[in-house]
Every structure is written in C-alpha cells, then in structure tokens.
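Laboratory data are not the source of any read-out in this text; all were calculated from the coordinates shown. These numbers come from a predicted model, not from an experiment. Backbone-built Cβ (ideal geometry, glycine too); neighbour counts: all protein chains shown.
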Amino acid sequence: MGICGGYQMLGKHIIDGVESGVEQMAGLGLLDVTTRFAPQKVTTQVTAQCEPGLPGLWSGCGEQDVVGYEIHMGTTQLGSQATPFSRLYLRNGQPDSAFDGAVNPAGNVLGSYIHGLFDSAPFCRALLNQLRQRKGLPVYDGPAFDYADYKQQQFDLLADKMREHIDMDKIYRLMTEHQQTGAQ
C-alpha cells in the first residue's frame, strides 16, 4: 500500500517537468498508473466511498466511507490493468465526483492520495478481517477502535495536565497585557 508519494512510486512512470532535471523516471511498476507532476499543489479535505467489488485484500472495503486529506502535486492516470480504489464525493465540504487511487488485478497492491485511511475504523476492520481470513483466523466482530475518540481523549488528558501544571491565569494576564500594549 502506498499513500501519496508512495502511490506515485508504485506506478509505472513518474513524469516530472516541474521539480527535477529528470523528465521521466520508472516507478516500481506494481500498479498500472502513470503520474504527471504539476506546478500546483493539491491540498484538500476529502470524503470518499470505496468502490464496490474491489479485488483481493480490499474486497471487504466496498462502499465504505473514508475521510482524510490530499496534499500532492500532479495527477495520476490509471491504465487498463488498474481498478479505481474509491470515488471522492466531497472535496472541502463541496460535492465532487472523481476517482482516487488504484488497485492491481490481484488485489494485493493499493495506492491512494488519501492520507488518513487508517483513521477509519470500518476500513481498518474490513482490511484486517481479510488478512485474518487469509490466515485461517475467525472474523473479528468485537468493539471497533475509534481513532478520532482516542485522539480526543488524549487531547483531553494533555489539557488536564496543562491545567494542573501551568498557571493559566498568568498566561491569560500576559496575553491580555500584550494585546493592550500591542506587539512590540
């Protein structure tokens, strides 16, 4: 699996007329895709739905939502031996409809521009259950680990420790004084 630049490297070719003196470079050739760099950087929040009927490891991920962000330069074109991984339907909160990523025919290589795929508990569960089945282990149907909840709990713990060990009244006073006197 490759995310962002890793996705680009999994392809057949990277064409770069922007950042490097090398115009074209061979990729690993694990995905039938070609990436062409562009001068503008894409930075966007996205919501996508995994494509139904994905092969191999990704077969349990069909039609699940994934949320994340893209930050890359260029576009990646799929060849005839690549299946789109997902369809973006929101970009920065606005409706959109574009494919993202690629899966090889065997379903054991995936590339995507979406950072944060593994923050999605249903996506992780589907992938891990495919791996469990391949190893002859039963499907896991216990409680899901919610990464967003975990992060919030950790931020709350950090905030509690900061309140416990930092004189916040003094910091607020200093901030107010700074605002009243102006930045000097």
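Points to keep in mind about this one:
- When the Cα positions of Gly21, Ile171, Ile114 are compared along the charge dipole of the chain, Gly21 comes out farthest toward the positive end, with charges on each C-beta of Lys, Arg, Asp and Glu.
- Taking packing as the residue-averaged number of other Cβ atoms within 10 angstrom, the listed peptides 158-165, 99-106 run from highest to lowest as 99-106, 158-165.
- Efficiency of FRET from Cβ geometry, Asp65 and Glu164, R₀ 45 Å, rounded to 0.05: 0.75
- Rg ratio (alpha-carbon, reference 2.2 N^0.38 Å) - region 30-184: 1.45
- Adding -39500 (n - 2.57) for every DSSP H run of four residues or longer, then dividing by how many residues the chain holds, sets the calculated 222 nm ellipticity at -9000 deg cm²/dmol.
- Protection proxy ranking of 138-149, 28-39, by the mean of other Cβ atoms within 10 Å over each peptide's residues and highest first, is 28-39, 138-149.
- Rel. contact order, % - alpha carbon contacts under 8 angstrom, at least six apart, the chain: 19 percent
- Computed from the C-beta positions of Gln152 and Thr176 and an R0 of 25 Å, the FRET efficiency is 0.30 to the nearest 0.05.
- Mean projected area of the Cα convex hull of region 1-99, taken over all directions, amounts to 6.4 nm².
- Unmatched cysteines, the chain - criterion: no other Cβ of a Cys under 4.7 angstrom: Cys4, Cys124
- Rounded to the nearest 20 debye, the dipole size of region 61-184 about its Cα centre is 440 debye, using +1 on the Cβ of Lys and Arg and -1 on the Cβ of Asp and Glu.
- When peptides 50-58, 89-97 are sorted by average Cβ neighbour count within 10 Å, with the highest value leading, the order is 50-58, 89-97.
- Neighbours of Tyr140, meaning other residues whose beta-carbon lies under 14 angstrom from its beta-carbon, give a summed charge of +3 when Lys and Arg score +1 and Asp and Glu score -1.
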